[in-house]
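Data first, discussion second: the structure below is written as structure tokens.
The values are calculated or read from the model by the stated rules, or taken from the named source; none is laboratory data. Since the structure is predicted, the reported quantities are computational estimates derived from the model, not experimental observations. Every residue, glycine among them, receives a Cβ derived from its backbone with ideal geometry; neighbour counts consider all protein chains shown.
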Number of protein chains: 2
Amino acid sequence: MLIVKKFGGTSVGNKERIFNVARRCIEDYKKGHDIVVVLSAMGKMTDELIAEARAINPNPSKREMDMLYTIGEQKSVALMAMAMDALGAPAVSLNAFQVAMHSTNKYGNARLKRIDTERINHELDQRKIVLVTGFQGIDQYNNYTTLGRGGSDTTAVALAAALRADACEIYTDVEGVYTADPRKVPDARKLEEITYNEMLELATLGAGVLHNRCVELAKKNGVQIVVRSSLNEAPGTVVKSFTATRDQVVCGVAGDKDAARIAVMGVKNEPGTAFKLFNILARHNINVDIILQSIGHDGKKDISFTVREDLVEEAVECIRKNFNSKKYDSIDVEKKIAMVSVVGAGMLDHPGVARKMFAALAQANINIRMISTSEIRVTVLVAEDEMVEAMNAAHKAFALEQ
Amino acid sequence: MLIVKKFGGTSVGNKERIFNVARRCIEDYKKGHDIVVVLSAMGKMTDELIAEARAINPNPSKREMDMLYTIGEQKSVALMAMAMDALGAPAVSLNAFQVAMHSTNKYGNARLKRIDTERINHELDQRKIVLVTGFQGIDQYNNYTTLGRGGSDTTAVALAAALRADACEIYTDVEGVYTADPRKVPDARKLEEITYNEMLELATLGAGVLHNRCVELAKKNGVQIVVRSSLNEAPGTVVKSFTATRDQVVCGVAGDKDAARIAVMGVKNEPGTAFKLFNILARHNINVDIILQSIGHDGKKDISFTVREDLVEEAVECIRKNFNSKKYDSIDVEKKIAMVSVVGAGMLDHPGVARKMFAALAQANINIRMISTSEIRVTVLVAEDEMVEAMNAAHKAFALEQ
């Protein structure tokens with residue numbers, strides 16, 4: 001079996017952890033498997049590099065930042081090879097250019113285009129454990145690039161796809177994907193399986209263990225991912241196309257306090273005003289989540305939407321400056337709100353999820369401010385101090401603890 | 001003009017020094033010159049990496065050490081590019097594979113074979129300052145290699161040769177090459193010029209500012225090197241084939257306390273015994289400097305030689321174990337000795353240098369234990385506590401202060 005394993009920065013943060021990872025990999029290697037390991041930069045190294053760069057240039061070029069970042073993962077793979085060697089297992093470290101991992105040339109946020117498999121396969125044929133730098137690529141001119149957030153996970157999935165690996169294991173500091181954050185919902189339970197689409201919704205809601213881009217790539221290439229703990233042997237959660245074992249409609253509940261509601265009140269009821277408003281925000285790179293428009297009366301309507309909390313001031317300022325003040329009466333802002341979502345691929349075949357959620361919240365006496373739905377998600381806006389209660393109510397309503 | 005400049009680890013050891021180097025390079029850039037800058041790893045970074053590696057594996061593989069080492073220079077060039085950018089000068093950093101710098105595959109001690117000039121010339125054409133990682137290369141399979149001691153100087157000279165640069169400037173913490181170490185010989189004077197061969201002898205004696213391999217490469221390719229200070233604007237010393245301005249026979253005096261004398265006494269006067277003795281030492285990688293064999297009597301002779309002080313015990317042990325004890329009477333060791341040398345290409349045309357040196361030492365009442373000469377060097381062995389006096393006497397005898 002060919003297994004791709006990915007370990008994050010905390011998993012290789014010091015000598016003991018490096019040896020812990022080395023031992024886990026060697027265990028599978030000794031069973032006769034071919035092992036490819038993707039590593040991130042150690043612990044706080046990336047943060048330290050950013051600080052050093054900023055001290056020299058507050059606004060460093062993205063190309064040079066990527067040139068600087070890539071030393072982080074190279075250090076991890078070299079030290080890991082030494083650790084495995086010390087434990088008697090032959091290992092070889094490879095960086096993005098040695099593999100090679102070809103990417104687009106968007107520094108700081110590149111996408112992998114193509115992975116050469118010749119070198120890795122050659123090393124595997126020599127029965128070596130192959131250690132690959134995560135997060136990085138090279139563009140067509142051999143410049144280093146980095147893949148942006150969740151980059152090392154994406155590297156692992158892309159490698160698994162290119163090598164036609166039998167398994168892709170992503171090791172984290174949690175045991176897998178839960179029905180909800182266990183710190184907020186004590187009844188939360190680890191899922192055995194989850195679909196790509198569910199995982200994508202959770203990732204978008206900030207509740208997923210994996211980044212969007214990594215899950216999208218896995219979905220596109222049919223790479224089955226196992227999310228599991230680097231600290232114990234628990235089996236983890238399998239991310240795949242279809243879940244066979246689960247008979248629940250909903251797979252999880254997510255809560256996100258990092259939201260604020262902006263309402264533009266008394267907007268003139270003319271065609272195109274909503275477009276103009278959101279076009280202004282988009283042009284200023286302000287991402288809008290939920291949008292709600294009230295039915296107009298007196299030739300006027302209210303347009304409400306949510307943004308990330310740190311963007312509130314910028315968004316309001318942006319509207320005041322660029323949206324004709326004659327077209328609306330006032331702007332109202334509420335920061336103490338939160339989004340609560342239920343996600344589940346089963347919604348496609350089982351209507352009534354939204355109704356069930358609303359009922360649960362009503363029973364818990366929680367007021368719903370706004371509602372937004374996708375094919376496999378229902379999101380409601382509630383008061384920030386009611387978020388945890390709402391999550392628990394939804395979790396219970398869908399019997400996720402079972 | 002195309003100028004290759006090389007700065008060592010202390011020159012880029014912190015933010016202020018990085019900006020100091022950046023400003024010096026930009027000065028020449030603004031005069032319209034094409035600038036290629038070779039950098040070493042920052043200050044103590046290489047030592048820190050070695051310590052981290054040893055903590056994980058006391059005997060790390062050389063391939064993985066090189067993989068680890070190379071991040072040092074990559075960090076230097078990336079940060080330098082950011083500093084130049086902050087000062088308004090366009091710069092681009094390139095590592096060994098981006099250049100590419102092709103080398104042999106002897107990890108830790110590789111030799112550069114071929115340097116591609118396309119990428120560097122392309123960047124120069126865009127009027128960019130090109131920052132290149134020193135000390136590193138890639139082998140034919142794209143593995144990283146490092147060039148061993150003096151590696152970054154060698155990178156600079158090799159680049160200057162490949163790019164047909166008009167100048168190759170090596171910046172150090174001294175102002176150039178001196179007639180002697182000014183801490184030992186107060187009259188020491190900076191040389192305007194020195195020949196490759198003289199520089200090679202000084203390098204071998206541990207007194208040169210440049211490493212052997214770098215000078216050899218410069219000699220082979222006819223690259224004229226300027227050794228100068230990174231701290232001030234003094235003109236430095238030019239290293240070249242022939243020196244025009246100097247009318248002195250001798251260019252410098254060197255002293256080296258790191259020597260010990262081993263004498264194998266009463267060796268049987270048979271053919272091949274000297275060969276056997278030194279063959280044994282060579283097989284155990286013990287480098288021998290000066291060799292002296294006394295004229296035999298009673299069918300016996302004494303063979304004396306010098307080695308580096310830290311190799312004495314190993315050398316003696318090696319002889320006791322491997323050299324037939326019936327072939328000699330005893331082994332005698334003296335550690336408190338030093339080598340004093342005078343170097344000068346002028347010796348080729350001017351006999352009497354050795355005689356003049358011996359006279360000077362005799363006058364200073366310094367006893368000479370052993371003598372060794374090359375075409376352009378005379379070395380004598382003296383007591384360790386007389387080394388500085390011997391250096392000053394020789395320096396004066398050849399009027400090097402003038």
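Go through segment B:78-89 and report how many residues are in a helix (DSSP H, G or I) and more than 7 Å from chain A (Cβ to nearest Cβ). Number satisfying all stated conditions: 2.
Can you pull out the residues in segment B:11-20 that are over 15 Å from B:Glu175 (Cα atoms) and in a helix (DSSP H, G or I)? It would help to see each step written out before you state the result.
Of segment B:11-20, the ones over 15 Å from B:Glu175 (Cα atoms) are B:12-20.
Result: B:Val12, B:Lys15, B:Glu16, B:Arg17, B:Ile18, B:Phe19, B:Asn20.
Only one of the numbered conditions (1) within 11 Å of another protein chain (Cβ to nearest Cβ); (2) surrounded by fewer than 20 Cβ atoms within 10 Å (Cβ to Cβ); (3) part of a helix (DSSP H, G or I) is not met by A:Ile71, and that is (2).
Within segment A:250-275, being surrounded by 15 or more Cβ atoms within 10 Å (Cβ to Cβ) and under 18 Å from A:Lys301 (Cα atoms) holds for A:Arg261, A:Ile262, A:Ala263, A:Val264, A:Met265, A:Gly266, A:Val267, A:Thr273, A:Ala274.
Considering B:Ala180, B:Ala260, which residue is part of a strand (DSSP E or B), touching a residue at least 40 places away in the same chain (Cβ under 8 Å) and closer than 25 Å to B:Leu381 by Cβ? Talk me through it step by step, then tell me what you get.
Working: B:Ala180 fails: part of a strand (DSSP E or B).
Answer to the selection: B:Ala260.
Note on segment A:226-249: residues that are modelled with pLDDT under 90, β-branched (Val, Ile, Thr) and buried (at least 18 other Cβ atoms within 10 Å of the Cβ) amount to 2. Residue count for segment B:114-146, restricted to those that are within 15 Å of B:Lys6 (Cβ to Cβ) and either in contact with a Lys or Arg (Cβ under 7 Å, 6 or more places away or on another chain) or in contact (Cβ under 8 Å) with a residue 60 or more places away in the chain (or both): 9. Among the residues here, A:Val223 qualifies as at pLDDT 90 or above, part of a loop (DSSP other than H, G, I, E, B), closer than 29 Å to A:Ala22 by Cβ and aliphatic (A, V, I, L, M).
For (1) closer than 16 Å to A:Ile371 by Cα; (2) modelled with pLDDT of 90 or more; (3) not in a strand (DSSP E or B), each residue gets a yes or a no:
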{"position": "A:Ile286", "(1), (2), (3)": "no, no, yes"}
{"position": "A:Phe305", "(1), (2), (3)": "yes, yes, no"}
{"position": "A:Asp310", "(1), (2), (3)": "no, no, yes"}
{"position": "A:Ala315", "(1), (2), (3)": "no, yes, yes"}
{"position": "A:Ile319", "(1), (2), (3)": "no, yes, yes"}
{"position": "A:Lys326", "(1), (2), (3)": "no, no, yes"}
{"position": "A:Val333", "(1), (2), (3)": "no, yes, no"}
{"position": "A:Met339", "(1), (2), (3)": "yes, yes, no"}
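Residue check: is A:Asn105 crowded, with 24+ Cβ neighbours inside 10 Å and either more than 7 Å from every other protein chain (Cβ to nearest Cβ) or not β-branched (Val, Ile, Thr) (or both)?
Details: crowded, with 24+ Cβ neighbours inside 10 Å: no; either more than 7 Å from every other protein chain (Cβ to nearest Cβ) or not β-branched (Val, Ile, Thr) (or both): yes.
Judged against the criteria, A:Asn105 is not a match.
Taken across segment A:358-377, residues that are aromatic (Phe, Trp, Tyr) and either buried (at least 18 other Cβ atoms within 10 Å of the Cβ) or over 26 Å from A:Ser294 (Cβ atoms) (or both) do not occur at all.
Against the definition (more than 18 Å from the chain's Cα centre (by Cα), modelled with pLDDT under 90 and within 30 Å of B:Leu381 (Cβ to Cβ)), how does B:Val209 come out, yes or no? In short, no. Against the conditions (1) in contact with a Ser or Thr (Cβ under 7 Å, 6 or more places away or on another chain); (2) surrounded by 20 or more Cβ atoms within 10 Å (Cβ to Cβ); (3) among the charged types (D, E, K, R); (4) within 22 Å of A:Ile50 (Cα to Cα), A:Asp153 satisfies every one except (1).
Would you check which residues across segment B:352-383 are within 18 Å of B:Asp258 (Cα to Cα) and either aliphatic (A, V, I, L, M) or under 23 Å from the mean Cα position of the chain (by Cα) (or both) and list them?
Across segment B:352-383, the qualifying residues are B:Ile368, B:Met370, B:Ile371, B:Ser372, B:Val378, B:Thr379, B:Val380, B:Leu381, B:Val382, B:Ala383.
Only one of the listed residues (A:Val37, A:Val99, A:Val21, A:Val92) is at the interface with chain B (Cβ under 8 Å from one of its Cβ atoms) and among the β-branched types (Val, Ile, Thr). That residue is A:Val92. Scanning segment B:45-68 for residues that are under 19 Å from A:Lys128 (Cα atoms) and more than 7 Å from chain A (Cβ to nearest Cβ) yields a total of 5.
Just name the residue that is farthest from the other protein chains (Cβ to nearest Cβ) out of those in segment B:144-162 that are of a type outside the set (Gly, Ala, Ser) and out of contact with any helix residue (DSSP H, G or I) (no Cβ under 6 Å at 6 or more places or on another chain). Spell out how you get there, then give the answer.
We begin by selecting, within segment B:144-162, every residue of a type outside the set (Gly, Ala, Ser); these are B:144-147, B:149, B:153-155, B:157, B:159.
Subsequent filtering for residues that are out of contact with any helix residue (DSSP H, G or I) (no Cβ under 6 Å at 6 or more places or on another chain) retains B:149, B:155, B:159.
Numbers: B:Arg149: 21, B:Thr155: 17, B:Leu159: 17 Å.
Looking at the filtered set, the residue picked out is B:Arg149.
Of everything listed in (1) among the small types (Gly, Ala, Ser); (2) more than 30 Å from A:Pro182 (Cα to Cα); (3) at pLDDT 90 or above, the single unmet condition for A:Gly252 is (2).
Can you find a residue that is surrounded by fewer than 21 Cβ atoms within 10 Å (Cβ to Cβ), touching a Leu at 6+ places or on another chain (Cβ under 6 Å) and more than 7 Å from chain B (Cβ to nearest Cβ) anywhere in segment A:117-135? The answer is yes, given that some residue of segment A:117-135 is surrounded by fewer than 21 Cβ atoms within 10 Å (Cβ to Cβ), touching a Leu at 6+ places or on another chain (Cβ under 6 Å) and more than 7 Å from chain B (Cβ to nearest Cβ). Of all residues in segment B:64-99, those that are small (Gly, Ala, Ser) and either modelled with pLDDT under 95 or in contact with a Ser or Thr (Cβ under 7 Å, 6 or more places away or on another chain) (or both) total 5.
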